[in-house]
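**Q** The following block contains the structure, expressed as C-alpha coordinates.
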Amino acid sequence: MPTLEADLSRIFRGRAVPVVADWYSGILQIPEGAHLYYAHIGFGGLYRYERRIEIEAGRIIRVDPLDNTERFLSGFKTDSLDLDYPIVNGRAFGIEPLGWLTDEGRALIKEKLGIRVKRRRGR
(Lines give C-alpha, C1' and ligand atoms only; values in the text may rest on other atoms or scores of the structure.)
Protein backbone atom coordinates (compact mmCIF):
# COMPACT_ATOMS: atom_id res chain seq x y z
CA MET A 1 0.00 0.00 0.00
CA PRO A 2 1.46 3.40 -0.90
CA THR A 3 2.28 5.83 1.86
CA LEU A 4 1.78 9.56 1.82
CA GLU A 5 3.74 12.07 3.81
CA ALA A 6 2.36 15.35 5.07
CA ASP A 7 4.24 18.29 6.49
CA LEU A 8 2.36 18.63 9.77
CA SER A 9 4.18 21.84 10.65
CA ARG A 10 2.40 23.48 7.70
CA ILE A 11 -0.98 22.13 8.75
CA PHE A 12 -0.62 22.82 12.49
CA ARG A 13 1.26 26.10 12.46
CA GLY A 14 2.71 27.06 15.81
CA ARG A 15 2.48 23.52 17.27
CA ALA A 16 5.38 21.19 17.86
CA VAL A 17 5.61 18.05 15.75
CA PRO A 18 4.53 15.35 16.53
CA VAL A 19 1.18 16.97 17.21
CA VAL A 20 -0.80 15.80 20.24
CA ALA A 21 -4.48 15.76 19.29
CA ASP A 22 -5.52 17.22 22.63
CA TRP A 23 -8.78 18.45 21.09
CA TYR A 24 -9.99 14.87 20.54
CA SER A 25 -11.72 12.60 23.04
CA GLY A 26 -13.58 9.51 21.89
CA ILE A 27 -13.13 6.00 20.56
CA LEU A 28 -11.26 5.03 17.42
CA GLN A 29 -12.49 1.77 15.94
CA ILE A 30 -9.97 0.08 13.66
CA PRO A 31 -11.12 -2.93 11.58
CA GLU A 32 -8.69 -5.82 11.20
CA GLY A 33 -8.83 -9.21 9.53
CA ALA A 34 -11.44 -10.63 7.19
CA HIS A 35 -14.42 -8.48 6.24
CA LEU A 36 -17.41 -10.70 7.19
CA TYR A 37 -20.38 -8.49 6.43
CA TYR A 38 -20.60 -5.48 4.15
CA ALA A 39 -23.01 -2.66 4.97
CA HIS A 40 -23.33 0.39 2.80
CA ILE A 41 -24.10 2.59 5.80
CA GLY A 42 -20.86 4.13 7.06
CA PHE A 43 -19.01 1.90 9.49
CA GLY A 44 -21.81 -0.63 9.56
CA GLY A 45 -19.88 -3.64 8.30
CA LEU A 46 -18.33 -6.28 10.50
CA TYR A 47 -14.74 -7.45 10.49
CA ARG A 48 -13.43 -10.58 12.21
CA TYR A 49 -11.24 -8.49 14.50
CA GLU A 50 -11.27 -4.88 15.67
CA ARG A 51 -9.07 -2.70 17.79
CA ARG A 52 -10.89 -0.07 19.86
CA ILE A 53 -8.79 2.77 21.20
CA GLU A 54 -10.24 5.06 23.87
CA ILE A 55 -8.76 8.56 23.83
CA GLU A 56 -9.18 11.43 26.28
CA ALA A 57 -7.79 14.84 25.34
CA GLY A 58 -5.40 13.28 22.84
CA ARG A 59 -4.02 10.61 25.21
CA ILE A 60 -4.63 6.89 24.82
CA ILE A 61 -6.51 5.61 27.87
CA ARG A 62 -7.31 2.07 26.80
CA VAL A 63 -6.77 -0.31 23.88
CA ASP A 64 -9.10 -3.30 23.47
CA PRO A 65 -8.52 -5.95 20.80
CA LEU A 66 -11.85 -7.58 19.89
CA ASP A 67 -12.56 -10.92 18.23
CA ASN A 68 -15.97 -10.74 16.51
CA THR A 69 -16.04 -14.41 15.46
CA GLU A 70 -18.48 -15.63 18.14
CA ARG A 71 -20.60 -12.48 17.89
CA PHE A 72 -20.92 -13.01 14.14
CA LEU A 73 -21.75 -16.73 14.37
CA SER A 74 -24.01 -16.56 17.43
CA GLY A 75 -26.86 -14.87 15.61
CA PHE A 76 -27.54 -17.61 13.08
CA LYS A 77 -30.90 -19.35 13.52
CA THR A 78 -31.24 -22.86 12.16
CA ASP A 79 -34.82 -22.24 11.03
CA SER A 80 -33.75 -19.48 8.66
CA LEU A 81 -30.92 -21.18 6.78
CA ASP A 82 -33.05 -21.93 3.74
CA LEU A 83 -33.04 -18.22 2.89
CA ASP A 84 -30.49 -16.76 0.51
CA TYR A 85 -29.11 -15.02 3.58
CA PRO A 86 -29.73 -16.14 7.17
CA ILE A 87 -31.28 -14.01 9.87
CA VAL A 88 -28.53 -12.68 12.14
CA ASN A 89 -29.43 -11.05 15.44
CA GLY A 90 -32.96 -10.56 14.21
CA ARG A 91 -31.92 -8.86 10.95
CA ALA A 92 -31.89 -10.43 7.52
CA PHE A 93 -28.44 -10.19 6.02
CA GLY A 94 -28.41 -9.35 2.36
CA ILE A 95 -31.38 -7.03 2.23
CA GLU A 96 -30.19 -4.18 0.10
CA PRO A 97 -29.28 -1.40 0.49
CA LEU A 98 -28.23 -2.28 4.05
CA GLY A 99 -25.64 -4.89 3.17
CA TRP A 100 -24.69 -8.50 2.53
CA LEU A 101 -22.39 -11.28 3.61
CA THR A 102 -18.95 -11.28 2.07
CA ASP A 103 -17.19 -14.36 0.70
CA GLU A 104 -15.10 -14.35 3.90
CA GLY A 105 -18.27 -14.33 6.02
CA ARG A 106 -19.77 -17.25 4.12
CA ALA A 107 -16.47 -19.17 4.42
CA LEU A 108 -16.36 -18.61 8.19
CA ILE A 109 -19.96 -19.86 8.56
CA LYS A 110 -19.11 -22.99 6.56
CA GLU A 111 -15.86 -23.58 8.48
CA LYS A 112 -17.23 -23.07 11.99
CA LEU A 113 -20.87 -24.17 11.66
CA GLY A 114 -20.74 -26.52 8.67
CA ILE A 115 -23.47 -24.51 6.96
CA ARG A 116 -23.28 -23.48 3.32
CA VAL A 117 -24.87 -20.08 2.72
CA LYS A 118 -25.94 -19.52 -0.85
CA ARG A 119 -24.52 -16.52 -2.65
CA ARG A 120 -27.14 -14.20 -3.98
CA ARG A 121 -27.23 -13.65 -7.72
CA GLY A 122 -25.41 -10.49 -8.76
CA ARG A 123 -22.92 -10.59 -5.86
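The values are calculated or read from the model by the stated rules, or taken from the named source; none is laboratory data. Values in this document were obtained by computation on a predicted structure and should not be read as measured data. So basically every Cβ, Gly included, is an ideal-geometry build from the backbone, and we count neighbours across all protein chains shown.
**Q** Are there any pairs with C-beta distances below 7 angstrom linking a residue in segment 90-116 that is over 15 Å from Gly45 (Cβ atoms) and modelled with pLDDT under 75 to a residue that is of a type outside the set (A, V, I, L, M) and part of a loop (DSSP other than H, G, I, E, B), with the two at least 6 apart or on different chains, and if so which?
**A** Listed by first residue and then by second, the contacts come to Ala92/Tyr85.
**Q** So Arg52 clears everything in (1) at pLDDT below 85; (2) surrounded by 12 or more Cβ atoms within 10 Å (Cβ to Cβ) except one condition, right? Which one?
**A** (1)
**Q** Further question: List the residue pairs whose Cβ atoms are under 7 Å apart, where the first residue sits in segment 10-31 and is aromatic (Phe, Trp, Tyr), the second is assigned to a strand (DSSP E or B), and the two are 6 or more positions apart or on different chains.
**A** So the pair list comes out as Tyr24/Ile55.
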